[in-house]
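Down below is the structure, laid out as structure tokens.
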Amino acid sequence: MAGLNGKHNNLGKALEPDLEYDPVGQEVLEDPMPAYAQLRQHCPVHHFSGLENPMYSFARYEDVQSVLLDPQTWSNRYGPGISYDRNVGDLQRYDPPDHQVRRRFLRAQFLPRTVSAFEPAIRKLAHNLIDSFQNDGRVEIHDNYALPLPVKAFIELMGIPDEDSNQFKSWADDLTLGMTYPERSRDARKALSSFTQELVIQRREMVADSDYTPDQDPVGDVVPEGLISHLACHPLEDGTYMPDAEVASMIGQLLVAGHETTTSLITNTLWRLLLNPDQMTMIRETPALVANAIEESLRFDPPVLGLCKTNNEPVVYHDVNIPENSKVMVLYASANRDPDVFESPDKFKVDRALIETKRHLSFGWGSHFCLGAHLARQTGGIALAVLLERFDQLQLLEPTKRVTPPFLWGRRKITVTWDGSSLNC
Ligand code: HEM
């Protein structure tokens with residue numbers, strides 16, 4: 001029986017296993033951080049039965065990290081949501097040993113050196129987007145900048161033919177509308193899947209029809225560079241090729257995992273800087289702080305508040321018995337504000353030392369650590385740097401709005417001006 005009873009900061013107060021906390025209640029949705037502070041202090045393991053399945057939440061850094069470091073006990077097979085979902089095909093749903101085999105296969109495409117090669121292209125995309133609204137004097141950043149940039153970056157990384165990129169982007173946008181327009185989202189998923197599958201078949205045929213011999217690498221020669229060609233034309237470690245449908249499903253998952261999250265990273269960072277002009281000034285004076293600002297934003301406003309794991313065996317945490325196969329949500333966002341790990345955790349400080357900030361758990365930790373972390377950091381950093389480069393003053397025009405999914409955290413409406421006269425509109 002695995003478990004943990006950590007030392008912690010309840011400051012002499014008794015733990016309250018029944019502390020009132022409704023993860024989907026209006027107050028928590030508006031700002032979950034005060035509730036997380038209560039959980040960390042008084043109820044580090046919380047049981048909630050108001051959703052479709054009972055759910056436990058872990059709030060302290062030490063507990064969250066211990067789960068992430070123990071994939072033998074904490075399985076991903078029922079998916080990261082609160083429902084028990086057995087769909088296979090995306091990396092996040094595999095456990096060892098299948099997980100490592102697939103992860104190693106994908107990893108090469110997400111290594112810093114591979115991703116860094118796309119930096120100039122992403123910078124150019126950011127400038128092009130700004131060109132399209134610069135003369136308007138004001139813009140809603142989410143729809144016009146933060147949403148299109150990560151998809152366009154992903155399209156580059158995938159090696160989608162130019163003529164298909166607009167269609168691909170429009171499906172990708174629809175895919176994220178799941179909560180508001182489930183039908184459009186379902187249709188987009190289907191369309192994306194058959195498009196990707198066709199592309200895989202086409203590239204495999206191109207290799208089969210060429211003079212390529214198995215000791216040569218066809219990618220970049222017979223078929224274009226990019227993630228799709230890698231998945232289609234390189235074998236797995238055992239010499240077999242990933243089935244077409246699985247490649248399509250993996251691409252869909254990568255898109256979902258990286259699209260909305262990176263968009264939120266961009267809006268969240270800008271939002272905090274607009275609310276804290278002294279921090280914005282600091283970055284303008286020392287542009288190297290962009291990387292720190294992105295990391296601090298990930299710590300302070302994680303795009304994913306928490307995800308679920310399922311325990312393979314009964315566990316006891318803080319004297320709470322958690323039966324086998326329970327849904328346990330690890331709250332990255334709460335762990336990131338744990339005062340046992342971060343100094344003045346509720347202060348947003350772009351000059352916080354990177355060695356401290358990078359202890360955040362917003363990309364997970366251990367074997368399932370986000371594969372797209374480097375791409376997300378790079379895209380977020382470019383988005384912020386180019387925006388500050390192009391506009392030497394930025395101001396928020398209206399109150400912002402939160403994205404709707406309860407366990408995601410980002411601004412979906414953030415209207416700014418760089419032209420003082422718009423402020424009187
Ligand atoms: C700011 C942006 C992002 C955030 C906050 C984020 C967050 C996360 C989190 C929390 C996990 C789960 C870790 C766990 O299971 O404990 C994860 C996994 C994953 N992410 Fe990201 N992600 C981001 C961007 C991306 C991008 C851009 C991609 C790729 C295009 C991506 C691909 C993945 C994949 C493939 C996994 C599964 C890794 C595995 O199971 O081994 N993510 N991400």
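The values are calculated or read from the model by the stated rules, or taken from the named source; none is laboratory data. Model, not experiment: these values are computed from the prediction. Cβ sites come from the backbone with ideal geometry, for glycine too, and all protein chains shown count toward neighbours.
Brief remarks on what is shown
- Here is the figure for region 228-284: residues that are closer than 23 Å to Thr196 by Cβ, charged (D, E, K, R), touching a helix residue (DSSP H, G or I) at 6+ places or on another chain (Cβ under 7 Å) and assigned to a helix (DSSP H, G or I) total 1.
- Hey, Gly381 at positive phi and touching a residue at least 40 places away in the same chain (Cβ under 8 Å) or not: no
- Selection count, region 105-127, where residues are near the ligand (Cβ under 10 Å from one of its atoms) and more than 16 Å from Thr262 (Cα to Cα): 3
- Cβ separations smaller than 6 Å between residues 6+ apart or across chains give the following pairs from region 249-266 residues that are closer than 16 Å to Lys152 by Cβ to residues that are within 9 Å of the ligand (Cβ to nearest atom) and not in a helix (DSSP H, G or I): Gly258/Gly372; Thr261/Pro303; Leu265/Pro303.
- Residue within region 327-345 that is more than 15 Å from the chain's Cα centre (by Cα) and modelled with pLDDT under 95 present: no
- The condition of being acidic (Asp, Glu), touching a helix residue (DSSP H, G or I) at 6+ places or on another chain (Cβ under 7 Å) and exposed (fewer than 15 other Cβ atoms within 10 Å of the Cβ) holds for only one of Asp351, Asp392, that being Asp351.
- Any hit, region 146-168, residues being more than 16 Å from the ligand (Cβ to nearest atom), surrounded by fewer than 20 Cβ atoms within 10 Å (Cβ to Cβ) and within 17 Å of the chain's Cα centre (by Cα): no
- Within region 63-80, residues that are in contact (Cβ under 8 Å) with a residue 40 or more places away in the chain and over 27 Å from Gln41 (Cα atoms) reach partners that are in a loop (DSSP other than H, G, I, E, B) and aromatic (Phe, Trp, Tyr) with beta carbons closer than 9 Å, at six or more positions or on different chains, in the pairs Asn76/Tyr94; Arg77/Tyr94; Tyr78/Tyr84.
- The helices (runs of 4 or more DSSP H) located wholly in region 315-407 that include 3 or more residues which are within 12 Å of the ligand (Cβ to nearest atom) occupy 332-335, 373-390.
- Residues of region 179-226 that are in contact (Cβ under 8 Å) with a residue 60 or more places away in the chain and either basic (Lys, Arg) or surrounded by 13 or more Cβ atoms within 10 Å (Cβ to Cβ) (or both): Arg189, Leu192, Pro224, Glu225, Gly226.
- For beta carbons closer than 8 Å, sequence separation of 6+ or different chains, a first residue in region 103-122 that is at pLDDT 90 or above and surrounded by 12 or more Cβ atoms within 10 Å (Cβ to Cβ) and a second that is β-branched (Val, Ile, Thr) and part of a helix (DSSP H, G or I), the qualifying pairs are Glu119/Ile382; Ile122/Thr379; Ile122/Ile382.
- Restricting attention to region 169-201 and to residues that are touching a helix residue (DSSP H, G or I) at 6+ places or on another chain (Cβ under 9 Å) and part of a loop (DSSP other than H, G, I, E, B), the residue that is nearest to the ligand (Cβ to nearest atom) turns out to be Thr176.
- With respect to (1) closer than 22 Å to Leu255 by Cβ; (2) out of contact with any strand residue (DSSP E or B) (no Cβ under 9 Å at 6 or more places or on another chain), the lone exception for Asp143 is condition (2).
- Selection count where residues are over 17 Å from Pro243 (Cα atoms), aliphatic (A, V, I, L, M) and over 20 Å from the mean Cα position of the chain (by Cα), scope region 90-123: 2
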